[in-house]
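The values are calculated or read from the model by the stated rules, or taken from the named source; none is laboratory data. The model shown is predicted, which means the values in this text are computed figures rather than measured ones. In this analysis, Cβ positions are derived from the backbone assuming ideal geometry, glycine residues included, and neighbour counts consider all displayed protein chains.
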Amino acid sequence: MEVFDVIVIGSGPGGYVTAIRAAQLGFKTAVVEKDQVGGRCLNYACIPAKAVLRVADVASEIREAGEFGITVNEPTIDFGAVMERRNKVVKSLTGGVSGLFKKNSVELIEGSGSLRGEGRVKVGGDTYEARFIVLATGSVKRPIPGTEFGGRVVGTEEAWALSELPRTLAVIGSGASGSEIASAYARLGVKVQLFEALDRLLPSEDADISKLAERGFKQQGIDVHTGTLVKDLKTGENSVTFTYGEASGEAGYVVIAAGRGPDIEGLGLDTAGVALDERGLIQVDGRMRTSAAGIYAIGDLVPGPALAHKASDEGVIAVEDAAGFTTHPISYIDIPRATFCTPNVASFGLTEEQARAEGYDVVVGKVPYGAVGAGTVYGDRQGLVKIIGDERFGELLGAHIIGAKATELIQELVNAKLLEGGYPEVARIVHGHPTLSEAVMEAARAVDGWLIHG
Ligand SMILES: Cc1cc2nc3c(=O)[nH]c(=O)nc-3n(C[C@H](O)[C@H](O)[C@H](O)COP(=O)(O)OP(=O)(O)OC[C@H]3O[C@@H](n4cnc5c(N)ncnc54)[C@H](O)[C@@H]3O)c2cc1C
């Protein structure tokens, strides 16, 4: 029986980062993977999504070229070529992970891993042993009640791997994934309907952001239905029929983008004594330790936002704890959340509503991109930076950005908070000119009561 210090099950952004960090710490490390190196994130989810969204962004820029004095025809989408590029991007990044395994002497064991108790992991006919095991098997799609996947009713991963560009598409769920799918396909020329059961788009974002996102989506021709339940899905050979409210609809594909659950089937959690919480996720402490000694769990298997960067960070914490380092629990609320639709959306911390409900001394600064030079220069005056502060200590409670590069701009505020800075500090940091990040500085000044451009 081959013996390792650390066996990681799953090679997504949680598992592969864990394995590399474990190897850096001097652990003899193996990763078990039943499908493709890089996990769902690199192969089917985050990366394919962003590769196709990038194409939609290029198409949008071409369509808007007239505003900049360039005359072009309506772009033609060669969907086969789009998918070819998507696949090339995936291959390049997953190849990079395999290369990192080799460079760090991480052994890849191909097959489905299951726990056998006492530090043992079975893969096919072989059994391995390790002092520490890290579970990083991620999550799988779940249908919403009253629906099931099959035929042309697909999940979000399949939505980024369609074999044809449909004429029509219906998306159920306007969270990050559903909004990305709607925004990409609408700009690739597909007639998109987007359904949300709650009363606004991106319902977990700040209400001001939802409003602007809805405006942006409508400008892209997306038919948005909030407060609407989709029912009676029937998949046929070429389309899916369904009902919503009093109306009926038909689309080339229906994407259910409304939930995922941990991939724990056949993992042998009971055998190893790994307990679940009331939501069916693996119970862990702040160091990612499960209820079974020597077994850690990370990523989409455990509570907290289901995000790739969260999975990676948890993996680092797990193996650093195994190595005897002092670690500290992640502040989940302060992890940046990014939605790569257009308009781009990013946030961290509390929404205004949450901050008020929690009884903070709430102060808010809102600055449109148009208030600073860069918004006008680059052609995005409609973006908005909204910062929520607590007046007592100048604390940054949350920030919400919509508009070009929001997913990049949010990081400054996350860093400021985690380095124990507040909005008065951000307001006084010199920002380059003309940049969109000046809108972040101005929003911080707006919270502090001395907005210059506005
Ligand atoms: C469409 C979509 C888009 C997304 N976009 C983003 C984004 O832009 N940014 C972001 O931060 N997050 C995004 N996410 C979320 C992100 O994909 C997940 O949070 C992330 O993949 C979790 O990483 P993980 O390592 O826990 O698991 P995964 O990436 O799911 O990897 C788990 C791996 O474990 C393997 N595995 C499972 N069981 C076993 C077993 N028994 N034995 C061996 N191997 C096993 C699986 O095959 C898989 O390769 C997106 C999700 C979806 C669905």
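Data for the structure
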quantity	calculated
One residue from 299, 268 being out of contact with any helix residue (DSSP H, G or I) (no Cβ under 7 Å at 6 or more places or on another chain) and either closer than 22 Å to residue 131 by Cα or of a type in the set (A, V, I, L, M) (or both)	268
Among residues of segment 306-341, those that are of a type outside the set (A, V, I, L, M) and either within 15 Å of the chain's Cα centre (by Cα) or within 14 Å of the ligand (Cβ to nearest atom) (or both), counted	13
Single condition residue 293 does not satisfy, out of (1) crowded, with 16+ Cβ neighbours inside 10 Å; (2) more than 9 Å from the ligand (Cβ to nearest atom)	(1)
Residue that is among the hydrophobic types (A, V, I, L, M, F, W, C), crowded, with 22+ Cβ neighbours inside 10 Å and modelled with pLDDT under 95, where the choices are 258, 318, 311	258
Counted residues, segment 166-224 - those being under 20 Å from residue 83 (Cβ atoms) and among the small types (Gly, Ala, Ser)	6
Segment 123-153 - residue that is at pLDDT 95 or above and touching a Leu at 6+ places or on another chain (Cβ under 8 Å) and, of those, surrounded by the fewest Cβ atoms within 10 Å (Cβ to Cβ)	139
Any chance residue 214 is part of a loop (DSSP other than H, G, I, E, B) and of a type in the set (Asp, Glu)	no
Residues of segment 3-40 classified as polar (S, T, N, Q), surrounded by fewer than 24 Cβ atoms within 10 Å (Cβ to Cβ) and within 13 Å of the ligand (Cβ to nearest atom), total	1
Residues of segment 391-435 that turn out to be more than 22 Å from the chain's Cα centre (by Cα), hydrophobic (A, V, I, L, M, F, W, C) and either loosely packed, with under 15 Cβ neighbours inside 10 Å or in a loop (DSSP other than H, G, I, E, B) (or both), as a count	4
Single residue of 22, 81, 49, 30 found to be over 23 Å from the mean Cα position of the chain (by Cα) and under 20 Å from residue 310 (Cα atoms)	22
Identity of the residue in segment 279-289, part of a loop (DSSP other than H, G, I, E, B) and not acidic (Asp, Glu), that ends up nearest to the chain's Cα centre (by Cα)	281
Residue count for segment 158-172, restricted to those that are touching a Ser or Thr at 6+ places or on another chain (Cβ under 9 Å) and within 15 Å of the ligand (Cβ to nearest atom)	3
